[in-house]
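No value in this document is a laboratory result; all are computed from the given coordinates. Since this is a predicted model, take the numbers as computed values, not measurements. Cβ placement follows ideal geometry from the backbone for every residue including glycine, while neighbour counts extend to all protein chains displayed.
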């Protein structure tokens, strides 16, 4: 099998049986086993994806080939009336112009050729080590800073927290036989073949943030590859280049009170936080990674 045979276009044309035979024919480490072929929802229907397992972790076969990425800055973004109103509030307060702002935070339109890969279904948070049961205030989540380090309480459990640098995180990933995705591969994994602003479409609520409880839940659903990705701006993910963080902004927009529409933008498929460069060599708060196995066919 050649990489040219495993493009997204050709994969989508295969039957379920053909997809399973293709997945089984891949030469993979023995620690990875085919879990099965699963259905996932796309913007215009559904897609069958091959899911592999390694212990408790799951990986999805991501077809490669020529893909279009980034945001077309030559085409004005069409916002709903509610999104426009939210943006106008932000623009008037911070003296911003929409297209100029989008040019700073959304990667430009470009075409690349990517190899097929196995991509981890859910990102992994590094540096959290359980230390004890948290009996007091078990239902509250908090983080405590002291001379002894950082302690987090989450889900009734206490953890010793260590923020890792990019180099340290990449070393952890490499030690398990994987790599970090480059930002093109990450965006391809997030888009799952879409060309909309967000992986679920162009719209978002203009009266709440992604972390708020509301009826809108498209960002919490798996994407068109069955991946849990770009759902919470606080949960940014590392790419292979130091300082490139995707899938969020660490919560900066929300914490800064920049407005609801702008608070959703870090979940846009082409969003890349300009402030990520600050973390090239510094320990990154809540170091989150998504492991990748590039397929050499």
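Quick look at the values:
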read-out	value
Counting DSSP beta bridges with both ends in the chain, the antiparallel % (nearest 5)	95
All-pairs Cα distance distribution in the range 142-243, expressed in whole percent, bin size 5 Å	2, 10, 14, 17, 17, 17, 14, 7, 2, 0
For peptides 107-116, 285-294, 248-257, sequence by mean Cβ density within 10 Å, most packed first	285-294, 248-257, 107-116
Centre separation in Å (Cα based) which lies between the range 258-294 and the range 93-122	11
For the chain, calculated [θ]222 nm from helices alone, where every DSSP H run of n ≥ 4 adds -39500 (n - 2.57)	-6000 deg cm²/dmol
Contact order normalised by residue count of the chain, Cα under 8 Å, 6+ apart, percent	22
Distance (nanometres) between label positions extended 7 Å along Cα→Cβ at residue 214 and residue 195	2.8
Cut-off 17 Å (backbone N to label point 7 Å along Cα→Cβ of residue 25), residues of the range 109-124	116-117
Residue 5/residue 174 FRET efficiency (R0 22 Å; Cβ-Cβ; nearest 0.05)	0.20
Cα gyration tensor, the range 1-126 - rounded (a/c under 1.5), prolate or oblate	prolate
Euclidean distance of C-alpha centroids, the range 228-251 and the range 163-190, integer Å	11
